[in-house]
Each structure stands twice: as structure tokens, then as C-alpha cells.
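Colleague: Just dropping this structure here.
The values are calculated or read from the model by the stated rules, or taken from the named source; none is laboratory data. Keep in mind that what you see is a predicted model, and the values were worked out from it rather than measured. Cβ placement follows ideal geometry from the backbone for every residue including glycine, while neighbour counts extend to all protein chains displayed.
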């Protein structure tokens, strides 16, 4: 994108602050029909924390990111993020971390954008899912995302699931062997972020989700690859019969 001025020189990025941390028993608000995610429980239509963690609350879901397994941003990590807010010169991105990332227009769009006249939601709207790279991480918690990397894109449709970030290497497997097997056996498109968010689209996405959850739970057990292969083969045979 070619601007008359350098966006980085004329626009001050919003400061990124650590999100609040809640403790067990702390009320997170009314349910209001929202789905309950991990780390929370309900009493009298009010949602409470079961663990020490970081609350993620939107119109569809309430959940907690456990502090013990929270993703800490690292520069050059490829991650999956969800647009959480539109700023005057870019977007805030939920990266399932104690910190949010900032995606400036200059790193998000490949064309000239007059930020004073353009509705930025035409590029990325609240709730949009993106696969991007972290281009800047500072000690004071400023995290910057970029769409200027190989494979970066907006992800359409599909579902997003979350796993412990420490289990991401096992989900991917050596040389991508595990995730590629899941993609091929379920005929699904899958993107895995180092922050523990995984995007899946396909007719057999439920089977892909089941396989990934098993890997997360039993990541240190022996013979796991063979068990996942058999699970997916059984699904393939059922699909052929139908």
C-alpha cells in the first residue's frame, strides 16, 4: 500500500495492556444465551470462573484462558486471530493471550486507504478470523500483527477451536506429518496457529476436531499416530458406505 505519508510516522499505535486476570468464584457476568467455554461454570444464569485465567467474553461465548497455559506472543509466530475492535487506523486482534495485537492498515491492506474517509470494516470486520504473523513484540506488551507474510489471509467460514499452545507441535507432527494426515483423511482445510487456535473447514470437520482433541489430551502417549490413523480410517470407511 502506497500512502502519501508513512502511517507509522503519523499515527500513534494504541498502547497494548495486559488483560485482567480473574480468580475462581469471580463473576464474569450474565449468560444471556452465550455458549460456555473452558474454565467457567453457571449458577442462576450467572457465569463464574473455575480457574485463574484470562476472560474471553463476546456475544457468542464466555470462556477463560488458563494462566498456566496462556500463549505469550513471540515475534514471527504465525498465529490465528479474531478481529475484536476497529480502530481509526487499524484493528485490534484477539490472539488468545493476555495481550491483544494491533493490525495497522499499512500492514493489513495492499492498497492506498484514506483512513479518514474509508470504513475499515470493508477489509476486516469484528469477528473476522485471520491467519497472520506477529511482526513486533515489545517488553511493555505492545504486539503488532501483519498480513504481509507468506500464507497470511482472512479465513472464511469454518470453525475455530482452541488447544493448549504447548500441544501445537504435537498437533502438527514432525515435518507436518500429523496435521497433513488429518487434512487428507478428513478432506478439510486446516490452519494451526502457534497461539493454540485452529481453524477448520470441511464436511468432515467434526472428525478432524475429534482427532485434534485426542492428540491434545494424549500427546505424550505411545502409539498415538497409529490410533489417530485408525480413527480417521474408520471415518473414511463410514463415508464410503454412505
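Colleague: Would you say residue 129 is buried (at least 20 other Cβ atoms within 10 Å of the Cβ), closer than 29 Å to residue 59 by Cα and out of contact with any helix residue (DSSP H, G or I) (no Cβ under 6 Å at 6 or more places or on another chain)?
Modeller: Against the criterion (buried (at least 20 other Cβ atoms within 10 Å of the Cβ), closer than 29 Å to residue 59 by Cα and out of contact with any helix residue (DSSP H, G or I) (no Cβ under 6 Å at 6 or more places or on another chain)), residue 129 qualifies.
Colleague: Another question, then. Which residue is farthest from residue 152 (Cα to Cα), if the candidates are limited to region 66-105 and must be in contact (Cβ under 8 Å) with a residue 60 or more places away in the chain, touching a helix residue (DSSP H, G or I) at 6+ places or on another chain (Cβ under 9 Å) and not in a loop (DSSP other than H, G, I, E, B)?
Modeller: Here the residue is 69.
Colleague: In the same structural domain as residue 92 (by TED's automatic domain parsing), under 13 Å from residue 83 (Cα atoms) and assigned to a loop (DSSP other than H, G, I, E, B) - does that describe any residue in region 127-134?
Modeller: yes
Colleague: So for region 52-62 (the condition being free of Cβ contacts under 8 Å to residues at least 12 places away in the same chain, in contact with a strand residue (DSSP E or B) (Cβ under 9 Å, 6 or more places away or on another chain) and assigned to a strand (DSSP E or B)), does at least one residue qualify?
Modeller: No, because not a single residue in region 52-62 is free of Cβ contacts under 8 Å to residues at least 12 places away in the same chain, in contact with a strand residue (DSSP E or B) (Cβ under 9 Å, 6 or more places away or on another chain) and assigned to a strand (DSSP E or B).
Colleague: Right, next: Among 106, 88, 97, which is the only one that is under 20 Å from the mean Cα position of the chain (by Cα), over 12 Å from residue 134 (Cα atoms) and not assigned by TED's automatic domain parsing to the domain that holds residue 197?
Modeller: 97
Colleague: Within region 158-167, identify whether any single residue is surrounded by fewer than 19 Cβ atoms within 10 Å (Cβ to Cβ) and over 17 Å from the mean Cα position of the chain (by Cα), and answer yes or no.
Modeller: There is no residue in region 158-167 that is surrounded by fewer than 19 Cβ atoms within 10 Å (Cβ to Cβ) and over 17 Å from the mean Cα position of the chain (by Cα).
Colleague: So, one more: Are any of the residues in region 129-140 touching a residue at least 60 places away in the same chain (Cβ under 8 Å) and within 21 Å of residue 38 (Cα to Cα)?
Modeller: yes
Colleague: Only one of (1) more than 28 Å from residue 49 (Cβ to Cβ); (2) touching a helix residue (DSSP H, G or I) at 6+ places or on another chain (Cβ under 9 Å); (3) modelled with pLDDT under 95; (4) in a loop (DSSP other than H, G, I, E, B) is not met by residue 117, so which one is it?
Modeller: For residue 117, the exception is condition (2).
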